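The values are calculated or read from the model by the stated rules, or taken from the named source; none is laboratory data. Predicted, not measured: the structure shown is a model, and the values here were computed from it. Neighbour counts are summed over all protein chains in view; Cβ atoms, including those assigned to glycine, are modelled from backbone coordinates with ideal geometry.
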Amino acid sequence: MSGQTTTIEALGVAVAAGVPVLLWGAPGTGKTSAIRSMADAAGWPCETVIAAIREPSDFSGLPVVIDGVVHFAPPRWAERLAASGRGLLFLDEISTAPPAVQAALLRVVLERVVGDLDLPDEVVVVAAANPPEQAADGWDLSAPLANRFCHLDWEVDATVFAEGIVGGWSAPQIPTLPKAWEDGLAQERALVSAFVSVRPGLTCALPSDAARAGRGWPSPRTWEMAAVLSCAARAVGASRAVTTALVTGAVGQGPGTEFLLWQEEMDLPDPEAVLAQPDRFVVPERGDRAYAALSAVAAAVAAHPTVERWNAGWKVVAKVGGHTPDVAAVAARTLAQCRPPAAVAPPEVKLFAPLLKDAGLL
């Protein structure tokens with residue numbers, strides 16, 4: 001799979017999951033055409049806003065006094081997207097937007113709020129940018145704005161270009177996520193939780209230089225983003241290359257690669273299989289692997305907390321809690337918080353009674 005094909009597939013997954021995504025590439029390489037054709041193929045409206053020629057009020061809203069009250073009127077493009085109910089907000093040439101405009105974009109990208117108008121949840125923010133050294137009067141992206149995107153590198157593949165210029169280019173596709181795709185999100189979050197417990201320095205690591213701070217870097221927000229993207233990629237059966245592009249695009253190349261390698265090395269059991277036969281669960285010798293396995297099991301119970309699954313979860317957690325209660329503490333708190341209404345506390349809860357009492361969960 002070529003780099004360009006990987007990026008196109010990763011772009012589709014990010015849009016399907018509703019995660020803001022930013023394509024970085026040289027001028028004239030087809031970023032804008034790809035994004036617009038993707039929207040056309042899906043039948044979605046696409047509003048293109050060139051950030052470089054806009055004012056901050058184009059995103060924060062123009063103040064208007066009505067009956068003595070100040071309102072922030074949204075622009076027409078925002079009203080059209082709201083009326084459509086879904087679509088793409090395409091922020092082109094975002095790396096040429098001056099700092100004041102970038103500041104006004106913060107709430108638009110994160111919360112999809114333009115002036116006093118809330119855009120529908122089905123509106124996805126997509127942006128394109130040239131590296132500052134290749135852009136006309138380019139700026140480095142501010143760290144807060146960069147931290148709201150999954151960053152993908154747009155590479156031009158000679159073979160893809162040669163075939164496309166003769167036979168035409170196929171439009172990028174937005175995959176359809178299965179109905180219950182978010183059921184796997186709890187497990188992905190559990191993996192992130194386990195990883196940052198052994199690498200706490202990567203929980204939030206703002207790069208010191210402006211160039212790297214203008215791309216993906218790890219923070220609680222981007223780790224959550226990485227979990228969502230990984231879950232969506234798994235749900236559509238995306239390749240390892242696509243998942244890698246999405247995770248590293250969210251949290252940065254170094255932290256993302258380290259997380260994926262750690263996850264691969266863990267070789268964790270399926271939490272659903274563990275819950276089905278809790279007595280056969282073998283406690284991993286490594287502390288981080290045990291933590292990850294328990295977190296995944298507790299997250300699976302929290303996603304569908306029936307009495308049977310809750311009791312099975314306590315059996316699994318107790319196997320670790322008897323020897324290393326600190327490793328099982330997070331999973332025990334998760335189970336205590338998702339107790340089904342008809343459930344009676346099993347004997348295994350006694351192992352964690354002091355912990356749960358201090359946390360107000362017992």
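Name the residues in the range 326-349 that are more than 31 Å from the chain's Cα centre (by Cα) and surrounded by 13 or more Cβ atoms within 10 Å (Cβ to Cβ), would you?
Ala343, Ala345, Pro346, Glu348, Val349
If you take the residues of the range 105-120 that are closer than 28 Å to Gly25 by Cβ and not basic (Lys, Arg), which of them is surrounded by the fewest Cβ atoms within 10 Å (Cβ to Cβ)?
Looking at residues that are closer than 28 Å to Gly25 by Cβ and not basic (Lys, Arg), I get Glu111.
It is to be established whether one or more residues within the range 48-61 are of a type outside the set (A, V, I, L, M) and within 24 Å of Leu246 (Cα to Cα).
For the range 48-61, residues of a type outside the set (A, V, I, L, M) and within 24 Å of Leu246 (Cα to Cα): present.
Run down Val126, Val101 and say which single residue is surrounded by 22 or more Cβ atoms within 10 Å (Cβ to Cβ), among the aliphatic types (A, V, I, L, M) and not in a strand (DSSP E or B).
It is Val101.
Examine the range 52-67 for a residue that is in contact with an Asp or Glu (Cβ under 7 Å, 6 or more places away or on another chain), among the small types (Gly, Ala, Ser), closer than 19 Å to Val101 by Cα and assigned to a helix (DSSP H, G or I), and state whether such a residue exists.
Yes, the range 52-67 contains at least one residue that is in contact with an Asp or Glu (Cβ under 7 Å, 6 or more places away or on another chain), among the small types (Gly, Ala, Ser), closer than 19 Å to Val101 by Cα and assigned to a helix (DSSP H, G or I).
Can we say Ala226 is more than 30 Å from Gln173 (Cα to Cα) and not charged (D, E, K, R)?
no
List every residue pair whose Cβ atoms sit under 7 Å apart, with the two residues 6 or more apart in sequence or on different chains, where the first one lies in the range 335-359 and is closer than 12 Å to Glu308 by Cα and the second, anywhere, is at pLDDT 80 or above and polar (S, T, N, Q).
Filtered contacts from the range 335-359: Pro340/Thr306; Pro346/Asn311.
Looking at (1) at pLDDT below 90; (2) closer than 30 Å to Cys338 by Cα, which one does Leu177 not meet, given that it meets all the others?
Going through the list (1) at pLDDT below 90; (2) closer than 30 Å to Cys338 by Cα, Leu177 breaks only (1).
Anything in the range 197-214 that is crowded, with 18+ Cβ neighbours inside 10 Å and within 15 Å of Thr257 (Cα to Cα)? List them, or say none.
Of everything in the range 197-214, just one residue is crowded, with 18+ Cβ neighbours inside 10 Å and within 15 Å of Thr257 (Cα to Cα), namely Leu202.
Residue pairs, Cβ under 6 Å, 6 or more apart or interchain, first in the range 154-183 and in the same structural domain as Glu93 (by TED's automatic domain parsing) and over 28 Å from Val228 (Cα atoms), second at pLDDT below 75 and not in a loop (DSSP other than H, G, I, E, B). List them.
Pairs that qualify, where the first residue is in the same structural domain as Glu93 (by TED's automatic domain parsing) and over 28 Å from Val228 (Cα atoms) and the partner is at pLDDT below 75 and not in a loop (DSSP other than H, G, I, E, B): there are none.
Table: residues versus (1) under 20 Å from Gly321 (Cα atoms); (2) surrounded by fewer than 20 Cβ atoms within 10 Å (Cβ to Cβ); (3) in contact (Cβ under 8 Å) with a residue 12 or more places away in the chain; (4) in contact with a helix residue (DSSP H, G or I) (Cβ under 9 Å, 6 or more places away or on another chain).
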residue	(1), (2), (3), (4)
Ala250	no, no, yes, yes
Gly254	no, yes, no, yes
Glu258	no, yes, yes, yes
Leu261	no, yes, no, no
Glu265	no, yes, no, yes
Pro269	yes, yes, yes, yes
Arg280	yes, yes, no, yes
Pro284	yes, yes, no, yes
Gly287	yes, yes, yes, yes
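Consider Arg221 carefully, then state whether it is assigned by TED's automatic domain parsing to the domain that holds Leu23, modelled with pLDDT under 90, surrounded by fewer than 22 Cβ atoms within 10 Å (Cβ to Cβ) and closer than 21 Å to Leu110 by Cα.
Answer is no for this residue.
Does the range 140-153 contain any residue that is more than 27 Å from Val64 (Cβ to Cβ) and at pLDDT below 90?
yes
Is there a residue being closer than 26 Å to Leu246 by Cα and aromatic (Phe, Trp, Tyr) anywhere in the range 35-47?
Yes.
Looking at Ala39, is it assigned by TED's automatic domain parsing to the domain that holds Thr159, crowded, with 16+ Cβ neighbours inside 10 Å, in a helix (DSSP H, G or I) and touching a Gly at 6+ places or on another chain (Cβ under 8 Å)?
Yes: the conditions hold for Ala39.
Within the range 324-343, is even one residue in the same structural domain as Thr222 (by TED's automatic domain parsing) and of a type in the set (Val, Ile, Thr)?
no
Which of the residues that make up the range 223-254 are aliphatic (A, V, I, L, M), assigned to a helix (DSSP H, G or I) and under 19 Å from Glu182 (Cα atoms)?
Across the range 223-254, the qualifying residues are Met225, Ala226, Ala227, Val228, Leu229, Ala232, Ala233, Ala235, Val242, Leu246, Val247, Ala250.
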